[in-house]
Amino acid sequence: MYKFLFLFVCLLGASSAIAQTKSEIQIGVAIPGGDFADDDFDDAIFNEGKAGGAATGLSVGYKLLSPIGSENLFWTISAAFIYNGLNSDWKDEIEDDVEDGDVTFPKYFSIPLLAGLQLEKQVAETMGLYAEAGIGLGLFKATDLKADGSEDGYRFESETSFDLATGFTYKLGAGLIINDKYTVGLSYLNLGSHRLKYKTKYDETYEGESYNESEDGKLKKLSISHIGISLGFRF
(Lines give C-alpha, C1' and ligand atoms only; values in the text may rest on other atoms or scores of the structure.)
Protein backbone atom coordinates (compact mmCIF):
# COMPACT_ATOMS: atom_id res chain seq x y z
CA MET A 1 0.00 0.00 0.00
CA TYR A 2 2.76 2.48 0.93
CA LYS A 3 4.58 1.86 -2.37
CA PHE A 4 1.38 2.71 -4.24
CA LEU A 5 0.89 5.89 -2.20
CA PHE A 6 4.48 6.94 -2.86
CA LEU A 7 4.06 6.34 -6.60
CA PHE A 8 0.77 8.26 -6.56
CA VAL A 9 2.40 11.29 -4.92
CA CYS A 10 5.34 11.16 -7.35
CA LEU A 11 3.01 11.07 -10.36
CA LEU A 12 0.98 13.93 -8.97
CA GLY A 13 4.07 16.04 -8.40
CA ALA A 14 5.63 15.28 -11.79
CA SER A 15 2.44 15.92 -13.71
CA SER A 16 2.00 19.36 -12.14
CA ALA A 17 5.08 20.50 -14.07
CA ILE A 18 3.70 19.38 -17.45
CA ALA A 19 2.25 22.12 -19.67
CA GLN A 20 -1.41 22.10 -20.66
CA THR A 21 -2.55 20.15 -17.64
CA LYS A 22 -5.98 20.85 -16.17
CA SER A 23 -6.90 20.73 -12.51
CA GLU A 24 -10.43 20.12 -11.30
CA ILE A 25 -12.02 20.40 -7.87
CA GLN A 26 -15.19 18.35 -7.41
CA ILE A 27 -17.93 18.28 -4.79
CA GLY A 28 -21.00 16.09 -4.79
CA VAL A 29 -23.19 13.46 -3.21
CA ALA A 30 -22.22 9.80 -2.73
CA ILE A 31 -25.15 7.39 -2.91
CA PRO A 32 -24.23 3.98 -1.44
CA GLY A 33 -25.05 0.89 -3.47
CA GLY A 34 -25.54 -2.86 -3.02
CA ASP A 35 -24.72 -4.39 0.36
CA PHE A 36 -23.22 -1.10 1.51
CA ALA A 37 -26.67 0.51 1.29
CA ASP A 38 -28.64 -2.54 2.50
CA ASP A 39 -30.80 -1.41 5.45
CA ASP A 40 -31.79 -4.86 6.77
CA PHE A 41 -30.74 -4.44 10.40
CA ASP A 42 -31.13 -8.17 11.09
CA ASP A 43 -28.36 -8.71 8.51
CA ALA A 44 -26.15 -5.84 9.72
CA ILE A 45 -22.39 -6.29 9.72
CA PHE A 46 -22.50 -5.45 13.45
CA ASN A 47 -24.78 -8.49 13.86
CA GLU A 48 -22.53 -10.84 11.88
CA GLY A 49 -24.34 -10.06 8.62
CA LYS A 50 -23.28 -8.32 5.42
CA ALA A 51 -25.48 -5.20 5.27
CA GLY A 52 -23.78 -1.81 5.70
CA GLY A 53 -26.77 0.45 6.35
CA ALA A 54 -24.98 3.45 4.84
CA ALA A 55 -26.85 6.69 4.18
CA THR A 56 -26.30 9.07 1.28
CA GLY A 57 -23.18 11.09 1.96
CA LEU A 58 -20.87 13.77 0.61
CA SER A 59 -17.70 13.69 -1.46
CA VAL A 60 -14.89 16.14 -2.19
CA GLY A 61 -12.31 15.34 -4.84
CA TYR A 62 -9.42 16.53 -6.98
CA LYS A 63 -8.54 15.46 -10.52
CA LEU A 64 -5.50 16.27 -12.63
CA LEU A 65 -5.76 15.85 -16.42
CA SER A 66 -2.80 15.81 -18.83
CA PRO A 67 -3.17 15.41 -22.64
CA ILE A 68 -1.87 12.30 -24.40
CA GLY A 69 -0.92 13.30 -27.94
CA SER A 70 -4.41 14.67 -28.54
CA GLU A 71 -6.51 17.54 -27.27
CA ASN A 72 -9.37 15.10 -26.61
CA LEU A 73 -7.60 12.32 -24.68
CA PHE A 74 -6.14 12.77 -21.21
CA TRP A 75 -4.57 10.60 -18.58
CA THR A 76 -5.84 11.38 -15.11
CA ILE A 77 -4.78 11.18 -11.50
CA SER A 78 -7.50 11.69 -8.91
CA ALA A 79 -8.23 11.46 -5.22
CA ALA A 80 -11.45 11.88 -3.26
CA PHE A 81 -12.69 11.92 0.32
CA ILE A 82 -16.15 10.38 0.78
CA TYR A 83 -18.26 10.41 3.93
CA ASN A 84 -21.34 8.28 4.64
CA GLY A 85 -23.17 8.02 7.94
CA LEU A 86 -25.60 5.35 9.13
CA ASN A 87 -29.18 5.58 7.95
CA SER A 88 -31.73 6.84 10.49
CA ASP A 89 -33.53 3.49 10.87
CA TRP A 90 -30.32 1.80 12.00
CA LYS A 91 -29.65 4.57 14.49
CA ASP A 92 -33.10 4.03 15.96
CA GLU A 93 -32.54 0.26 16.19
CA ILE A 94 -29.21 0.69 17.96
CA GLU A 95 -30.63 3.23 20.40
CA ASP A 96 -33.51 0.86 21.19
CA ASP A 97 -30.99 -1.92 21.95
CA VAL A 98 -29.00 0.33 24.27
CA GLU A 99 -32.19 1.71 25.91
CA ASP A 100 -31.17 4.38 28.44
CA GLY A 101 -27.53 4.66 27.34
CA ASP A 102 -25.71 7.08 25.06
CA VAL A 103 -24.49 5.95 21.64
CA THR A 104 -21.73 7.18 19.32
CA PHE A 105 -22.59 5.90 15.87
CA PRO A 106 -19.94 4.75 13.41
CA LYS A 107 -19.22 6.74 10.27
CA TYR A 108 -17.87 5.44 6.98
CA PHE A 109 -14.97 7.11 5.14
CA SER A 110 -13.72 6.10 1.68
CA ILE A 111 -10.61 7.45 -0.07
CA PRO A 112 -10.04 6.31 -3.69
CA LEU A 113 -6.63 7.06 -5.22
CA LEU A 114 -6.91 6.47 -8.96
CA ALA A 115 -5.08 6.76 -12.28
CA GLY A 116 -6.91 6.47 -15.58
CA LEU A 117 -7.99 7.90 -18.91
CA GLN A 118 -10.55 10.52 -19.90
CA LEU A 119 -11.94 11.19 -23.38
CA GLU A 120 -13.55 14.54 -24.13
CA LYS A 121 -15.64 15.64 -27.13
CA GLN A 122 -16.85 19.13 -27.96
CA VAL A 123 -20.50 18.98 -29.09
CA ALA A 124 -21.34 22.69 -29.11
CA GLU A 125 -19.56 26.00 -28.75
CA THR A 126 -19.94 26.06 -24.98
CA MET A 127 -20.59 22.39 -24.20
CA GLY A 128 -18.69 19.12 -24.31
CA LEU A 129 -19.04 15.54 -23.14
CA TYR A 130 -16.55 13.32 -21.33
CA ALA A 131 -16.15 9.67 -20.38
CA GLU A 132 -13.61 8.37 -17.89
CA ALA A 133 -12.25 5.17 -16.38
CA GLY A 134 -9.75 4.72 -13.59
CA ILE A 135 -8.18 2.07 -11.38
CA GLY A 136 -6.13 2.23 -8.23
CA LEU A 137 -6.13 1.85 -4.46
CA GLY A 138 -9.11 2.36 -2.18
CA LEU A 139 -8.96 3.03 1.56
CA PHE A 140 -12.01 2.38 3.72
CA LYS A 141 -12.46 3.16 7.40
CA ALA A 142 -15.39 2.69 9.77
CA THR A 143 -15.12 4.73 12.96
CA ASP A 144 -15.84 3.33 16.43
CA LEU A 145 -19.24 2.22 17.67
CA LYS A 146 -19.55 3.24 21.34
CA ALA A 147 -22.25 2.93 23.97
CA ASP A 148 -22.38 3.70 27.68
CA GLY A 149 -24.98 4.16 30.39
CA SER A 150 -25.68 3.95 34.10
CA GLU A 151 -28.66 3.46 36.42
CA ASP A 152 -29.11 2.54 40.10
CA GLY A 153 -25.51 1.51 40.76
CA TYR A 154 -25.09 -0.22 37.42
CA ARG A 155 -22.78 1.12 34.71
CA PHE A 156 -21.60 -0.23 31.39
CA GLU A 157 -19.29 0.87 28.58
CA SER A 158 -18.89 -0.81 25.20
CA GLU A 159 -16.56 0.11 22.34
CA THR A 160 -16.02 -1.60 18.98
CA SER A 161 -13.21 -0.35 16.75
CA PHE A 162 -12.46 -1.30 13.14
CA ASP A 163 -9.15 -1.47 11.27
CA LEU A 164 -8.43 0.39 8.05
CA ALA A 165 -9.17 -1.70 4.94
CA THR A 166 -7.44 -1.31 1.57
CA GLY A 167 -7.95 -2.90 -1.81
CA PHE A 168 -8.32 -2.64 -5.57
CA THR A 169 -10.72 0.11 -6.67
CA TYR A 170 -12.16 1.15 -10.00
CA LYS A 171 -14.32 3.98 -11.30
CA LEU A 172 -16.41 4.61 -14.43
CA GLY A 173 -17.97 7.96 -15.19
CA ALA A 174 -19.35 10.40 -17.74
CA GLY A 175 -20.66 13.93 -17.80
CA LEU A 176 -20.94 17.41 -19.27
CA ILE A 177 -18.28 20.11 -19.69
CA ILE A 178 -19.55 23.69 -19.75
CA ASN A 179 -17.34 26.47 -21.16
CA ASP A 180 -14.32 24.21 -20.50
CA LYS A 181 -14.57 25.41 -16.90
CA TYR A 182 -17.44 23.60 -15.18
CA THR A 183 -18.39 19.93 -15.13
CA VAL A 184 -21.45 17.94 -14.12
CA GLY A 185 -20.67 14.24 -13.65
CA LEU A 186 -22.21 10.88 -12.90
CA SER A 187 -19.96 8.02 -11.79
CA TYR A 188 -19.82 4.52 -10.36
CA LEU A 189 -17.09 3.75 -7.81
CA ASN A 190 -16.35 0.26 -6.51
CA LEU A 191 -13.96 -0.23 -3.59
CA GLY A 192 -14.28 -4.02 -3.55
CA SER A 193 -15.30 -6.37 -0.73
CA HIS A 194 -13.65 -6.31 2.68
CA ARG A 195 -13.76 -8.36 5.87
CA LEU A 196 -13.24 -5.63 8.43
CA LYS A 197 -11.11 -6.53 11.43
CA TYR A 198 -12.69 -5.45 14.69
CA LYS A 199 -11.98 -5.34 18.39
CA THR A 200 -14.69 -5.03 21.05
CA LYS A 201 -14.20 -4.05 24.70
CA TYR A 202 -16.99 -4.30 27.26
CA ASP A 203 -16.83 -3.07 30.86
CA GLU A 204 -19.62 -3.52 33.39
CA THR A 205 -19.84 -2.40 37.01
CA TYR A 206 -22.58 -3.25 39.52
CA GLU A 207 -22.48 -2.36 43.21
CA GLY A 208 -18.69 -2.04 43.17
CA GLU A 209 -17.99 -5.29 41.32
CA SER A 210 -16.53 -5.12 37.81
CA TYR A 211 -16.71 -7.40 34.80
CA ASN A 212 -14.51 -6.94 31.72
CA GLU A 213 -14.58 -8.72 28.38
CA SER A 214 -12.84 -8.24 25.02
CA GLU A 215 -13.16 -9.88 21.63
CA ASP A 216 -11.55 -9.48 18.24
CA GLY A 217 -12.11 -11.04 14.84
CA LYS A 218 -13.32 -10.31 11.32
CA LEU A 219 -16.77 -9.30 10.11
CA LYS A 220 -18.39 -10.88 7.07
CA LYS A 221 -17.44 -9.37 3.72
CA LEU A 222 -18.88 -5.93 3.06
CA SER A 223 -19.11 -4.85 -0.60
CA ILE A 224 -18.55 -1.10 -0.90
CA SER A 225 -19.75 0.95 -3.86
CA HIS A 226 -21.10 4.43 -4.60
CA ILE A 227 -23.02 6.25 -7.27
CA GLY A 228 -21.63 9.77 -7.41
CA ILE A 229 -23.21 12.96 -8.69
CA SER A 230 -20.70 15.80 -8.80
CA LEU A 231 -20.13 19.40 -9.77
CA GLY A 232 -16.63 20.40 -10.82
CA PHE A 233 -14.62 23.58 -11.30
CA ARG A 234 -11.52 23.63 -13.55
CA PHE A 235 -8.57 25.92 -13.18
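Give the range 83-103 a look and list any residue that's at pLDDT below 95 and either in a strand (DSSP E or B) or hydrophobic (A, V, I, L, M, F, W, C) (or both), or say none.
The answer is TRP90, ILE94, VAL98, ASP102, VAL103.
So, ILE178, is that one surrounded by fewer than 16 Cβ atoms within 10 Å (Cβ to Cβ) and at pLDDT 95 or above or not? Walk me through it before giving the result.
Details: surrounded by fewer than 16 Cβ atoms within 10 Å (Cβ to Cβ): yes; at pLDDT 95 or above: yes.
The answer is yes for ILE178.
Just the residues that are closer than 21 Å to ASP144 by Cβ, at pLDDT 95 or above and either hydrophobic (A, V, I, L, M, F, W, C) or surrounded by fewer than 18 Cβ atoms within 10 Å (Cβ to Cβ) (or both), please, taken from the range 31-45.
Answer for the range 31-45, where residues must be closer than 21 Å to ASP144 by Cβ, at pLDDT 95 or above and either hydrophobic (A, V, I, L, M, F, W, C) or surrounded by fewer than 18 Cβ atoms within 10 Å (Cβ to Cβ) (or both): just PHE36.
Taking the range 57-86 as the search range and keeping residues that are more than 23 Å from LEU113 (Cβ to Cβ) and out of contact with any Lys or Arg (no Cβ under 8 Å at 6 or more places or on another chain), which one is most open to solvent (accessible area, probe 1.4 Å)?
Ranking the candidates gives GLU71 first.
Count, please, the residues in the range 178-225 that happen to be touching a Lys or Arg at 6+ places or on another chain (Cβ under 9 Å) and assigned to a strand (DSSP E or B). Walk me through it before giving the result.
If we filter the range 178-225 for residues that are touching a Lys or Arg at 6+ places or on another chain (Cβ under 9 Å), which is where we start, we get 180-183, 187-190, 193-198, 203-206, 212-223.
So of that shortlist, the ones also assigned to a strand (DSSP E or B) come out as 182-183, 187-190, 193-194, 197-198, 203-206, 212-218, 222-223.
Total satisfying the criteria: 23.
Checking the structure you have, find out if any residue of the range 122-130 is within 24 Å of the chain's Cα centre (by Cα), open to solvent by less than 40 Å² (accessible area, probe 1.4 Å) and modelled with pLDDT of 95 or more.
Yes, the range 122-130 has at least one match.
Identify the residue in the range 88-121 that is under 30 Å from ILE177 (Cα atoms) and among the polar types (S, T, N, Q) and, among all such residues, is surrounded by the fewest Cβ atoms within 10 Å (Cβ to Cβ). Step through it out loud before you land on a result.
The first filter runs over the range 88-121 and keeps only residues under 30 Å from ILE177 (Cα atoms), leaving 109-121.
Now narrow it down to the ones that are among the polar types (S, T, N, Q): 110, 118.
Values: SER110: 26, GLN118: 22.
Step by step, filter the range 88-121, then rank; the result is GLN118.
Per-residue answers, yes or no, for (1) at pLDDT 95 or above; (2) under 18 Å from ILE82 (Cα atoms); (3) among the aromatic types (Phe, Trp, Tyr):
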{"residue": "ASP203", "(1), (2), (3)": "no, no, no"}
{"residue": "GLU209", "(1), (2), (3)": "no, no, no"}
{"residue": "SER225", "(1), (2), (3)": "yes, yes, no"}
{"residue": "GLY228", "(1), (2), (3)": "yes, yes, no"}
{"residue": "ARG234", "(1), (2), (3)": "yes, no, no"}
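If you check every pair at least six apart or on different chains, which have Cβ atoms under 6 Å apart with a residue in the range 197-213 that is loosely packed, with under 15 Cβ neighbours inside 10 Å first and a residue that is of a type in the set (Lys, Arg) second?
LYS197/LYS218
Among all residue pairs at least 6 apart or on different chains, which show Cβ distances below 6 Å where the first residue, located in the range 119-138, is over 18 Å from LEU172 (Cβ atoms) and in contact (Cβ under 8 Å) with a residue 24 or more places away in the chain and the second is basic (Lys, Arg) and open to solvent by less than 30 Å² (accessible area, probe 1.4 Å)?
Pairs that qualify, where the first residue is over 18 Å from LEU172 (Cβ atoms) and in contact (Cβ under 8 Å) with a residue 24 or more places away in the chain and the partner is basic (Lys, Arg) and open to solvent by less than 30 Å² (accessible area, probe 1.4 Å): there are none.
Against the condition buried (at least 19 other Cβ atoms within 10 Å of the Cβ) and touching a Gly at 6+ places or on another chain (Cβ under 9 Å), how does LEU172 come out, does it pass? If you could, list the steps in order and put the result at the bottom.
Working: buried (at least 19 other Cβ atoms within 10 Å of the Cβ): no; touching a Gly at 6+ places or on another chain (Cβ under 9 Å): yes.
No: the conditions fail for LEU172.
In the range 36-72, what residues are under 26 Å from ILE229 (Cα atoms), free of Cβ contacts under 8 Å to residues at least 60 places away in the same chain and assigned to a loop (DSSP other than H, G, I, E, B)?
Hits for the range 36-72 are ASP38, ASP39, ASP40, GLY53, ALA55, THR56, GLU71, ASN72.
The values are calculated or read from the model by the stated rules, or taken from the named source; none is laboratory data. Bear in mind that the values here come from a model prediction, so they are computed numbers and not experimental data. Note that we place each Cβ from the backbone using ideal geometry, even for glycine, and neighbour counts take in every protein chain shown. Quick note on the areas: whole protein, heavy atoms, side chains included, nothing else; ligands and nucleic acids left out. Shrake-Rupley method; radii C 1.70, N 1.55, O 1.52, S 1.80 Å.
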